[in-house]
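Colleague: Could you have a look at this structure, given as structure tokens, before my questions?
Read-outs: derived from the displayed coordinates by stated rules, not from any lab. Remember, it's a predicted structure, so these values are computed and weren't measured experimentally. All Cβ positions, even for glycine, are placed from backbone atoms using ideal geometry, and neighbour counts span all protein chains on display.
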Amino acid sequence: MAELTPIVHFLKHKPGYRSIVIEEPEAHLHPKAQRLMARAVVRLVNAGLPVIATTHGDTLFQQLNNLAALHAHPQRAALMQRLGYVDDELLAPEHVVAYQFRREAAATRVLPLEQTELGIAVPTFNEPLAELLDEVMLLQEAEDDEQEAPADGNA
């Protein structure tokens with residue numbers, strides 16, 4: 001809750017700013033709350049408030065990606081109903097720009113990330129998640145193999 005308080009205070013008092021910068025809005029939030037935070041950020045953008053956010057959160061980022069992908073999806077209405085989204089939670093892809101900061105040698109490179117109809121791929125998020133999933137699957141397969149082995153050790 002402490003992470004959300006400054007944002008709520010800012011919005012409640014509308015000090016006349018024309019944009020908001022949020023560093024890691026997902027910090028210390030449960031994944032479900034991160035998804036809700038992404039929806040709230042989109043509502044701010046759709047209300048006309050430009051939002052600049054930094055994140056290390058793959059959950060927050062993927063939720064934003066989903067909301068942008070759904071915006072132009074051919075089955076938008078059916079998927080919105082099925083997933084429980086409303087119009088002001090969809091993010092027009094033209095309102096999204098993403099960059100990745102990469103430390104290389106003695107400098108940091110700022111790389112624009114490509115946007116497709118499926119969203120924005122972020123290798124620094126996707127690769128570790130794929131490795132983690134591979135590890136989970138390997139551990140489960142090893143457990144399954146152990147359970148299938150004969151009790152006396154003879155095959």
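Colleague: Would you please classify the overall shape of the chain from the alpha carbon gyration tensor, given that a ≥ b ≥ c denote the square roots of the eigenvalues, rounded means a/c under 1.5, and beyond that prolate means a/b larger than b/c while oblate covers the rest?
Modeller: The shape class here is prolate.
Colleague: Relative to the Cα centre, what is the charge dipole magnitude of the chain, using +1 at the beta carbon of each Lys and Arg, -1 at the beta carbon of each Asp and Glu, and rounding to the nearest 20 debye?
Modeller: 1620
Colleague: Per-residue HN-Hα couplings for segment 123-131, Karplus 6.51 cos²θ - 1.76 cosθ + 1.60 at θ = phi - 60°, whole Hz, x for Gly and Pro?
Modeller: Going residue by residue, I get x, 5, 8, 5, 5, x, 5, 5, 4 Hz, with x marking Gly and Pro.
Colleague: Taking amide H atoms as placed 1.01 Å from N in the peptide plane, list the residues 5 or more away in sequence, or in a different chain, whose amide H sits under 5 Å from that of THR55.
Modeller: Those lying under 5 Å, H to H, from THR55 are GLU24.
Colleague: Of the DSSP beta bridges with both residues in segment 5-120, give the percent that are antiparallel, rounding to the nearest 5.
Modeller: 65
Colleague: Would you calculate, for the chain, the mean residue ellipticity at 222 nm contributed by helices, counting each DSSP H stretch of 4 or more residues as -39,500 (n - 2.57) and dividing by all residues, to the nearest 500?
Modeller: Helices in the chain give a 222 nm mean residue ellipticity of -15500 deg cm²/dmol.
Colleague: What is the sum of charges, Lys and Arg at +1 and Asp and Glu at -1, for the other residues whose Cβ falls under 14 Å from the Cβ of ALA98?
Modeller: -2
Colleague: Something else now. Please give me, ordered by residue number, the trypsin sites (Lys or Arg not before Pro) of segment 1-53 that lie in loop per DSSP and have at most 10 other Cβ atoms within 10 Å.
Modeller: Filter output for segment 1-53: ARG18.
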